Structures are given as C-alpha cells and as structure tokens.
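Q: The following block contains the structure, expressed as structure tokens.
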Amino acid sequence: MKSVIWDWNGTLLNDLDHCIASINVLLEKRQLPLLSHNHYKEVFSFPVKDYYAAIGFDFSKEDFAIPAREFIDLYNDKVEHCSLHPAANAVLAHLQNKGNKQFVLSAMQEDMLEKTLKQQGIFDYFDAIAGLNHHYATSKIERGEQLIEQNKISKDNAVMIGDTIHDYEVAEQLGIKCILIADGHQSARRLKSTGAPVLDNLGELLKNGWV
C-alpha cells in the first residue's frame, strides 16, 4: 500500500454527535420525530437528500435546498468544537513516517474541508484534498476519479478508509481497496453488508497491522 485516501467526516473527524444535534434542530422545527444516536446510524445515507426524505422531510412542501442550507449553517457554526477520533493523529503520523501518500476525499464543500483540516492541525499530512463545490453532500465518485488522475495514484497500491457504505461504493467505482471504520456515521451491521473489512475504531488500524 502506497496511497491512502481518507474520508473526513466521521472517519478522522468525530462529528457524529454534532451532526445528530444539528439535524434534530431541523426536525424539531418541523415537528418531526428526533433521531437517537442508534437510529441515526441506521438511517444516515448518501445522497443526503434521500436520508432527509427517509426521516420525514417532505420535499413537496419545501425544496431540499432549504433544510440543506439550514443544516450546513448549523454544522459550520460549531464544527470547530469537534475533535479528531482517538488515534487519528497517531495513524496519520505512522503513515507519513512510512512514506505513504495521504489524501482526503470528502462530500464536504472543499473550502470548508480545507478550513476544518487546518483547524485540527492535520492539513500538512495530506498530499492533496478533494471536496465538493456545493454543500449538498452528493456522490464523491467523480471527485475521486479526478483525485486519482491528478495525483497519478496507482490503484493497485491504494486503499480508501471511510465510515459509510458510500465510501465502499466509491472505492469500488474507483477500483481500489476499502477499509471501513464503525465508530462514524453508520452502524457496524450496515457496514459489514458490503463485505469490506470493518474495524471498530481507527486504533485497530495500527493494532492489527492494517497500515
């Protein structure tokens, strides 16, 4: 393995509770049932418009752009208070010391992605980052293809590390291996349905010699 493509939200950044709190503000405003921690991990999905519909948003009454904007404003306002997952710095430093190239591929808007990476003090670990040019959290496949092409990443020696089924789908489309971490935005049960290796946390990457 020479190249590691990281997902950001939920994988390196521990923003799960912040995301649940933010979406619950929107749900409460619309008098919809709030999400518990466990329920959230069972329903969250990409594209997020489908997830919004699944938890009760009615897009015949309001355009998806309205709650999407409300959520991202709430999220961005306090994301700086989120911390990295335990062992994130240790894993990133380990890979850097081994000479691996590291990248970030995220559904976050790219300017905000760069800002949050710098806030966490880890921006310099990465050879390149790739986010979206909007805040609707749609598919990362196209940006992933661009990332691989622009940085001449060898697919045979690359792995994607993420916390959602979509990360696995992206890796499949990109033709690279995938490892999933189950302390992010989706449950271990759902992640295991992909057939990809599923680890409980980032620390297991080091403990069990995955990287």
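Q: Using the Karplus equation 6.51 cos²θ - 1.76 cosθ + 1.60 (θ = phi - 60°), what ³J(HN,Hα) coupling, rounded to whole Hz, does each residue of the range 201-211 give in order, writing x for Gly and Pro?
A: Residue by residue, the range 201-211 yields 7, 4, x, 5, 4, 7, 4, 9, x, 6, 10 Hz.
Q: Let me know the Rg and Dmax you get for the range 1-73 when you use only its Cα atoms, in Å.
A: 13.9, 49
Q: Can you tell me the orientation of helix 141-150 relative to the chain, as the angle in degrees between its alpha-carbon axis and the longest Cα principal axis, to the nearest 10?
A: It works out to around 30 degrees.
Q: If only Cα atoms are counted, what is the Rg of the range 49-142, and what is its Dmax, in Å?
A: Answer for the range 49-142, Rg first and Dmax second: 16.0, 53 Å.
Q: Quick check: the angle from helix 65-78's long axis to the longest principal axis of the chain, C-alpha only, nearest 10 degrees?
A: Result, in degrees: 60.
Q: [x] 33, 19, 16; [y] 28, 17, 17; [z] 47, 17, 15: which one is semi-axes √(5λ) of the Cα gyration tensor in Å as calculated from this entry?
A: [y]
Q: Between Glu172 and Arg30, what is the label-point separation in nm under the 7 Å Cα-to-beta-carbon projection?
A: My value for the distance between the label points is 2.8 nm.
Q: Can you put Leu12, Leu34 in order of accessible area, largest first, using a 1.4 Å probe? List each step's numbers first, then the result.
A: On the way: Leu12 0, Leu34 95 Å².
Ranked from most to least accessible, the order is Leu34, Leu12.
Q: Cα gyration tensor of the range 90-211, axes a ≥ b ≥ c as square roots of the eigenvalues: rounded (a/c below 1.5), prolate (a/b > b/c) or oblate?
A: Values: a/c = 1.30, a/b = 1.11, b/c = 1.17.
Here the range 90-211 falls in the rounded category.
Q: Shifting gears a bit: Quick one: work out the % antiparallel among DSSP beta bridges in the chain, nearest 5. Working shown, then result.
A: Working: 2 of 21 bridges.
Rounded to the nearest five, the antiparallel share is 10 percent.
Q: Ok, one more. Where does the chain land at 222 nm, in deg cm²/dmol rounded to the nearest 500, when only DSSP H runs of n ≥ 4 count, each adding -39500 (n - 2.57), divided by all residues?
A: Values: 10 runs with 93 residues, N = 211.
Mean residue ellipticity at 222 nm (helix-derived): -12500 deg cm²/dmol.
Q: Evaluate the relative contact order of the range 1-92 (contact order divided by residue number), counting alpha-carbon pairs under 8 angstrom at least 6 apart; express in whole percent.
A: Taking the mean separation of contacting Cα pairs over the length of the range 1-92, I get 43 percent.
Q: Assuming a viscosity of 0.692 mPa s and a temperature of 37 °C, what translational diffusion coefficient in µm² per second does Stokes-Einstein assign to the range 158-204, Rh being the Kirkwood radius over Cα pairs?
A: Details: Rh = 10.2 Å.
It comes out at roughly 322 µm²/s.
Q: Okay, moving on. Along the range 179-188, what does the Karplus equation 6.51 cos²θ - 1.76 cosθ + 1.60 (θ = phi - 60°) give for ³J(HN,Hα), rounded to whole Hz, x for Gly and Pro?
A: In residue order, the calculated couplings are 10, 10, 10, 8, 10, x, 8, 9, 6, 4 Hz.
Q: Tell me, what HN-Hα J-couplings in whole Hz come from the Karplus equation 6.51 cos²θ - 1.76 cosθ + 1.60 at θ = phi - 60° for each residue of the range 94-100, using x for Gly and Pro?
A: 4, 5, 4, 5, 7, x, 6
Q: Same structure again: Can you tell me the relative contact order of the range 82-191? Whole percent, Cα pairs under 8 Å, sequence separation 6 or more. The partial results should precede the final answer.
A: Numbers: 141 pairs, mean separation 20.8, N = 110.
It comes to 19 percent, rounded to a whole number.
Q: May I ask which of Lys41/Lys98; Lys78/Lys177; Lys49/Lys118; Lys41/Lys78; Lys49/Lys207 have a Cα-Cα span longer than 31 Å here? The partial results should precede the final answer.
A: Working: Lys41/Lys98 33 Å; Lys78/Lys177 33 Å; Lys49/Lys118 28 Å; Lys41/Lys78 21 Å; Lys49/Lys207 37 Å.
From the list (Lys41/Lys98; Lys78/Lys177; Lys49/Lys118; Lys41/Lys78; Lys49/Lys207), the Cα-Cα distance tops 31 Å for Lys41/Lys98; Lys78/Lys177; Lys49/Lys207.
The values are calculated or read from the model by the stated rules, or taken from the named source; none is laboratory data. Predicted, not measured: the structure shown is a model, and the values here were computed from it. Note that each Cβ is placed from the backbone with ideal geometry, even for glycine, and that neighbours are counted across all protein chains shown. To get the accessible areas, we keep the full protein, side chains included, count just its heavy atoms, and leave off ligands, DNA and RNA. Shrake-Rupley method; radii C 1.70, N 1.55, O 1.52, S 1.80 Å.
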